[in-house]
């Protein structure tokens, strides 16, 4: 019988409470050398809290952490780094104005070292890049790198610090399929060299493809642990949410009238950074138009333009059959254009405001929640209670600070706010990013329901599986240009991935 590889990380009986809420309840987890363990769980299951305890950002109320047979000092991030634990966050932590070399070497110099030995640092970076297939130019400015290249820099940064345990948090959320495949090839090389990996993802097909074991958390507790060879996607989804998960059926429908037309529109990119470049797009009633693209190719500019926070510099816009100039944010809402913003924390909500205050943010000036010039708090609270009930939001009360909610529940509140009253055009920008399979199914069902009642929906997503599964028509955006739409099933995921990388993209004309 082949002996088991040594255990490199052991979490035992980890419990963490925040007031009356138990985020982690006696969780134990082990990681062996050269092993990939996937950490699964619905939003609010306790994954982030567990990783924060491992890195010393939080101190557990009960339990211990051992790395390579030695106890890890609680509440000390430096101790985790010194023990050889590295983490690549979903949202990269790079200084964009510095070079690749400077980002990787930042913080590795001793306090009284006279200067960085740039030649030695460059040699080590190039050696690591060669060994693990992480091609990158040490002299390149990070701001000029693609998303995939930035992720390579993050991994190199961990390896440069001699990481022996690597934690990847939603590592493919902003990658094209080709870039994701390259990442998985790198993971195989890393594991072959003895590195151990904790892989946090909501994409079950990726978990099945790259992991040896999977650990599932639910409600702060350990719900199950399975060898990948002994489980399947359906079983894992059920473990995550304690019930069978069925994605809503999607049937083809006849499109209605054209509600929105962009014709050769360009933007300055003052608000959103990347700009549109002579982009054309038509949205029709009863239609979900999926827009696929790698982050930073103009999706944010398009969403901002439709939401009224970005101005166009060229082109024309037609809304509900009338040609018009751009509109402001308040006018967009009055016209019946709803938005589900890309960043629910920074843009979609105000963390220290209550649930009630957040759900009326985009409509408090109207008569609905206003009485004689003052806010009608009973009406506002009743509206919040209705969303909590109808959208199955797990929430202590309408008076709770919204920052205390999990990402999935926060997204449900934003969805309820956007869809009530019924808008004619919906801009859904990354509506399921970071959500578990149950929350994804719920969000999809609500969007399909809105489509079926006649709304025109623009679905902006970097998840090609979501685009292919949900969209009636699919467009691709690259460098601010939008392709001609294709019907669902007309193009394969690899073909769409090539277009996302800028190959074979034929820009659309107004139609």
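Bear in mind these aren't lab numbers, they're just calculated from the coordinates by the rules spelled out. Predicted, not measured: the structure shown is a model, and the values here were computed from it. Methodologically, a virtual Cβ is constructed for each residue, glycine included, from the backbone with ideal geometry; neighbour enumeration extends over all protein chains shown.
For residue 379 and residue 127 in one chain, what is 0.36 nm times their gap in residues minus the Cα-Cα distance, to one decimal in nm? Can you show the working numbers first?
Working: separation 252, 0.36 × 252 = 90.72 nm, distance 6.35 nm.
Roughly 84.4 nm would be gained on extension.
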### Message
Taking the Cα centroid of the stretch 30-66 and of the stretch 199-227, what is the distance between the two, rounded to the nearest whole Å?
### Response
12 Å
### Message
Let me check against my output: what whole-number percent is the relative contact order of the stretch 351-420, with C-alpha pairs under 8 Å and at least 6 apart?
### Response
41 percent
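Note down the relative contact order for the chain as a percent, whole number, built from C-alpha pairs under 8 angstrom at least six residues apart.
Working: 1037 pairs, mean separation 81.2, N = 511.
Contact order relative to length: 16 percent.
What is the fewest-to-most order of 491, 323 by other Cβ atoms lying within 10 Å of their Cβ?
Working: 491 18, 323 10.
In order of increasing Cβ crowding within 10 Å: 323, 491.
Please work out the ratio of the alpha-carbon Rg of the stretch 90-233 to 2.2 N^0.38 Å and round it to two decimals.
Numbers: Rg = 16.9 Å, N = 144, 2.2 N^0.38 = 14.5 Å.
It is 1.16.
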### Query
For the pair residue 345 and residue 229, how long in nm is the line joining their label points, each one 7 Å along Cα→Cβ?
3.9 nm
### Task
Please work out the FRET efficiency for the pair residue 221 and residue 469, using the Cβ-Cβ distance as r and a Förster radius of 35 Å; give the result to the nearest 0.05.
0.70
### Query
Given the C-alpha centroids of the stretch 333-409 and the stretch 444-470, what is the distance between them in whole angstrom?
22 Å
### Message
Once you place label points 7 Å from the Cα toward the Cβ at residue 192 and residue 106, how far apart are they in nm?
### Response
3.2 nm
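For a Förster distance of 30 Å, can you work out the FRET efficiency between the beta-carbons of residue 324 and residue 452, rounded to the nearest 0.05? Walk me through the numbers on the way to the answer.
Numbers: r = 28 Å, r/R0 = 0.93.
Calculated value: 0.60.
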### Task
Report, in degrees rounded to the nearest 10, the 0 to 90 angle that the Cα long axis of helix 118-132 makes with the longest principal axis of the chain.
80 degrees
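What's the extension gain from residue 78 to residue 404 if we count 0.36 nm per residue and subtract their Cα-Cα distance? Could the numbers behind the result be given before it?
Values: separation 326, 0.36 × 326 = 117.36 nm, distance 2.73 nm.
Value of the extension gain: 114.6 nm.
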### Task
Would you mind ranking 28, 130, 211 so that the residue whose beta carbon has the fewest other beta carbons within 10 Å leads the list?
130, 28, 211
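What number in nm² do you get for the chain if you take the convex hull of its Cα atoms and divide its surface by four? Show your work: numbers first, answer last.
On the way: hull surface 104.7 nm².
For the chain, the mean projected area of the Cα convex hull comes to 26.2 nm².
What percent antiparallel are the DSSP beta bridges of the chain, to the nearest 5?
Working: 44 of 81 bridges.
Roughly 55 percent of the DSSP beta bridges within the chain come out antiparallel.
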### Query
Could you put 288, 460 in order, starting from the residue whose Cβ has the fewest other Cβ atoms within 10 Å?
460, 288
### Query
Once the piece of chain linking residue 314 and residue 96 is laid out straight, how much longer is it, given 0.36 nm per residue of separation minus the C-alpha distance between them?
75.5 nm
### Query
For the stretch 1-106, what's the relative contact order in percent, using C-alpha pairs closer than 8 Å and at least 6 residues apart?
25 percent
### Label-point separation in nm, residue 143 to residue 209, each point 7 Å along Cα→Cβ
3.4 nm
### Gyration tensor (alpha-carbon) shape descriptor, the stretch 15-77, a/c threshold 1.5
oblate
### Theoretical FRET efficiency, 1/(1+(r/R0)^6), r = Cβ-Cβ of residue 479 and residue 89, R0 25 Å, to 0.05
0.40
